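Down below is the structure, laid out as structure tokens.
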Amino acid sequence: MPAFSYSVVTNLPRGRVWSLLTDITNWAKFSDIYSDLRWDGTPWAEGSAIVGRLNYPIVVAGRYAIRECRPPELIRYLSQTRDAGFATERTITLQQLTNGTLIQADAVVVGTPDMPGGASEFLSSLTTRWFNQFARFCDSQNLFSADSHGARDNPASGRKTLDHPTPHHPPEVAKP
């Protein structure tokens, strides 16, 4: 089973990143990868699902069944695409850092995607593109407004992208 891990850092604190991530209406504001998203069931409850369309790297209907949700640190879901011949289990974790949040996406593909490059290319292209776009969206929220979680506006600070598959070495973690 092909697996892939990807990490990116945003300047926002974890609580604010969680809020932006879990509001699926935001997704269309920063990316064209997904469209026509809606909830089937109670948002973020185990067993509920986000349904809609995946537009990149292939166009297929999708269902993202929530397997676990632990605010503000973890989302695990099963992505099912009937027309493409595969499913993906993804885990997204948010780790508070001293000056931002580490967003980690881990994924495993079951089946053989009917697309050029197969499962590895699918995971790499979709994951890196979407999470880079999401991190830029998060950073843009920091530039335009002070948030209630204590983030400082700092336009000079840059986002660090850890654009390599595992292993990765996480940046310094904030002490409780």
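The values are calculated or read from the model by the stated rules, or taken from the named source; none is laboratory data. Treat the numbers as computed from the prediction; the structure is a model and nothing was measured. A quick note on method: Cβ atoms are made from the backbone with ideal geometry, for glycine too, and the neighbour counts reach across all protein chains shown.
See the values below:
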item: Answer from SER19, SER5 - the residue that is among the small types (Gly, Ala, Ser) and in a strand (DSSP E or B); result: SER5
item: In region 2-31, residue farthest from ASN99 (Cα to Cα) [restricted to those that are of a type in the set (A, V, I, L, M), in contact with a strand residue (DSSP E or B) (Cβ under 8 Å, 6 or more places away or on another chain) and in contact (Cβ under 8 Å) with a residue 40 or more places away in the chain]; result: ALA3
item: Within region 73-140, strands (runs of 3 or more DSSP E) holding 3 or more residues that are on the phi < 0 side of the Ramachandran plot and without any contact (Cβ under 8 Å) to a residue 40 or more places away in the chain; result: 74-81, 86-97
item: Breaking point among (1) among the small types (Gly, Ala, Ser); (2) farther than 20 Å from SER125 by Cα; (3) in contact (Cβ under 8 Å) with a residue 24 or more places away in the chain, for ALA65; result: (3)
item: Residues within region 61-72 that are in contact with a Lys or Arg (Cβ under 7 Å, 6 or more places away or on another chain) and either in a strand (DSSP E or B) or on the phi > 0 side of the Ramachandran plot (or both), tallied; result: 4
item: Conditions (1) at pLDDT below 90; (2) under 18 Å from ASN26 (Cα atoms); (3) of a type in the set (Val, Ile, Thr): number failed by VAL108; result: (2)
item: ARG16 being closer than 30 Å to GLY117 by Cα and of a type in the set (D, E, K, R); result: no
